[in-house]
1. Just give me the residues in segment 154-181 being touching a strand residue (DSSP E or B) at 6+ places or on another chain (Cβ under 8 Å) and farther than 25 Å from Gln195 by Cα, in sequence order.
2. When you look at Leu208, is it within 16 Å of the ligand (Cβ to nearest atom), at pLDDT 95 or above, in contact with a His (Cβ under 7 Å, 6 or more places away or on another chain) and assigned by TED's automatic domain parsing to the domain that holds Thr73, yes or no?
3. Mind listing just one residue for me: the one in segment 42-78 that is away from the ligand (no atom under 16 Å from the Cβ) and acidic (Asp, Glu) and, of those, surrounded by the fewest Cβ atoms within 10 Å (Cβ to Cβ)?
4. Looking at segment 329-344, can you tell me whether even one residue there is closer than 22 Å to Arg272 by Cβ and touching a Leu at 6+ places or on another chain (Cβ under 7 Å)?
5. Enumerate the pairs (first residue in segment 292-308 and over 19 Å from Asp153 (Cβ atoms) and modelled with pLDDT of 90 or more; second residue anywhere and within 16 Å of the ligand (Cβ to nearest atom) and part of a strand (DSSP E or B)) with beta-carbon separation below 6 Å, excluding pairs fewer than 6 apart on the same chain, so at least 6 apart or on different chains.
6. Need pairs with beta-carbon distance below 8 Å; first residue over 12 Å from Phe60 (Cα atoms) and within segment 189-200, second of a type in the set (Lys, Arg); sequence gap 6+ or separate chains.
7. Which of (1) within 16 Å of the ligand (Cβ to nearest atom); (2) surrounded by fewer than 24 Cβ atoms within 10 Å (Cβ to Cβ) does Ala159 not meet, given it meets every other one?
8. Being among the basic types (Lys, Arg) and either within 18 Å of the chain's Cα centre (by Cα) or open to solvent by 10 Å² or more (accessible area, probe 1.4 Å) (or both) is the filter here, so list the residues in segment 324-379 that pass it.
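The values are calculated or read from the model by the stated rules, or taken from the named source; none is laboratory data. This one's a predicted model, so the numbers in the text were calculated from it and none came from an experiment. Neighbour counts run over all protein chains shown; Cβ positions are idealised from the backbone, glycine included. Just so you know, the surface numbers come from the protein's heavy atoms only, side chains and all, with ligands and any DNA or RNA stripped out. Shrake-Rupley method; radii C 1.70, N 1.55, O 1.52, S 1.80 Å.
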Amino acid sequence: MQKEKPMNELPVMNETEGIVLFHPHVPEKAIENVTQVLHSRWIGQGPRVAQFEQEFTQRFAGSGTSIAVGSGTDALHLSYILAGLQEGDEVIVPVFTCTATNIPFLYMGVKIRFADVDPETLNISVSHVRELINDKTKAIVCVHYGGLPCDMDELHAIAKEYNIPVIEDAAHAPGATYKGKMIGEISQFTMYSFQAIKHITTGDGGMLIIQDKNLVPKAERIRWFGIDRSNKQNGTWENDITEVGYKYQMTDISAAMGLASLHEFDEILAHRQKLFEAYKVGLKGASGITLIGDHSPDRTHAAWLCTALVKKDRTGFMRTLREKRIESSQVHYRNDRYSIFGGRRDDLPNMDAVEENYIVLPLHTKMTLANVEYICDTIKKGW
Ligand SMILES: *Cc1c(COP(=O)(O)O)cnc(C)c1O
């Protein structure tokens with residue numbers, strides 16, 4: 001990859017849109033792979049899905065197993081079922097995340113307790129998890145916000161005391177590491193999303209990494225109505241379904257796209273990390289703005305989002321950037337503000353403190369270092 005060229009050599013400064021916040025990464029090879037699948041006999045869940053799962057495991061799962069599904073949300077819902085969560089159980093979840101992390105609990109009648117953010121990283125606050133945990137708590141969910149791993153040792157220490165699982169939403173964090181371990185091999189369940197703007201995209205899609213091999217057959221059944229497809233294909237299916245499943249599988253069309261991106265994953269990650277580093281350098285000493293998650297020596301950042309806190313006037317900051325044809329946005333909002341979660345706004349002092357100040361800057365594989373410099377220079381001129 002050449003330094004000053006975006007990946008795939010596509011135009012960066014789009015004439016009409018300027019520097020956009022997100023851009024899907026679709027390798028040329030993905031188009032080829034999909035064409036092949038479309039010419040074949042398998043377009044639904046077939047050999048490409050199996051290959052994608054296998055290669056994903058090799059890259060991210062340690063000794064775990066990868067289960068490909070139709071979306072990251074499917075993967076989360078599946079993990080919540082596999083964790084044995086039942087109506088009336090309580091879970092501790094991050095307040096600051098994509099709603100997808102928490103919506104499946106509403107399907108299940110599981111009671112959500114929102115944990116505050118850590119003010120340094122916007123990841124889940126370990127001390128607040130400690131305050132919230134009680135005998136009814138049946139799981140802790142964490143999100144590696146922006147791509148920076150949460151405090152996994154501390155979360156696991158708490159979970160161990162209560163003998164409950166930690167479920168990782170790693171939608172932002174494929175390729176991130178924590179104390180030398182790959183995200184994906186640390187907890188019982190780790191979920192990934194292949195939605196349009198994630199590191200790897202299949203249009204929509206997701207993956208669940210499961211560490212306990214005993215849960216894999218159940219995961220495969222629940223993914224497909226509760227039916228054991230392997231028995232069915234062997235012709236020995238006894239024609240009964242004993243547990244309620246869903247239609248959560250991935251198709252070979254999606255897997256063909258996913259494989260192409262997985263094969264480029266190291267370059268995708270390196271490009272994103274290089275841009276993130278350029279933001280660090282470019283905004284060093286800039287007044288009124290600080291980057292989030294830019295100094296944690298024991299873990300590596302997967303650089304999905306570049307998030308900053310602006311001291312004053314976020315609306316003015318966004319307007320100034322827009323005038324220079326740079327897009328910015330909040331991306332995620334505190335979940336407790338939504339009516340579906342009760343709409344009551346919990347008393348979360350750290351979240352309250354950053355709510356009006358956080359902002360996400362453009363970061364994707366179509367950008368160059370020169371684009372980041374331009375953005376940083378614009379910011380340094382003030383707003
Ligand atoms: C994208 C995302 C999801 C949802 O994934 P889908 O594939 O869109 O269902 C879940 N959690 C987080 C933190 C995300 O960013």
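1. Selection gives Leu155, His156, Ile158, Ala159, Tyr162, Ile164, Pro165, Lys179.
2. When the stated conditions are applied, Leu208 does not pass them.
3. Glu55
4. We begin by selecting, within segment 329-344, every residue closer than 22 Å to Arg272 by Cβ; these are 329-332.
With touching a Leu at 6+ places or on another chain (Cβ under 7 Å) added as a condition, the list becomes 329, 331.
Taking every residue of segment 329-344 in turn, at least one turns out to be closer than 22 Å to Arg272 by Cβ and touching a Leu at 6+ places or on another chain (Cβ under 7 Å).
5. As it stands, the answer is Ile292/Thr307; Leu305/Val360; Thr307/Tyr358; Thr307/Val360, since those pairs meet every condition given.
6. So the pair list comes out as His199/Arg272.
7. (1)
8. Taking segment 324-379 first, the residues among the basic types (Lys, Arg) are 324-325, 334, 337, 344-345, 366.
Within segment 324-379, Lys324, Arg325, Arg334, Arg337, Arg344, Arg345 meet the criteria.
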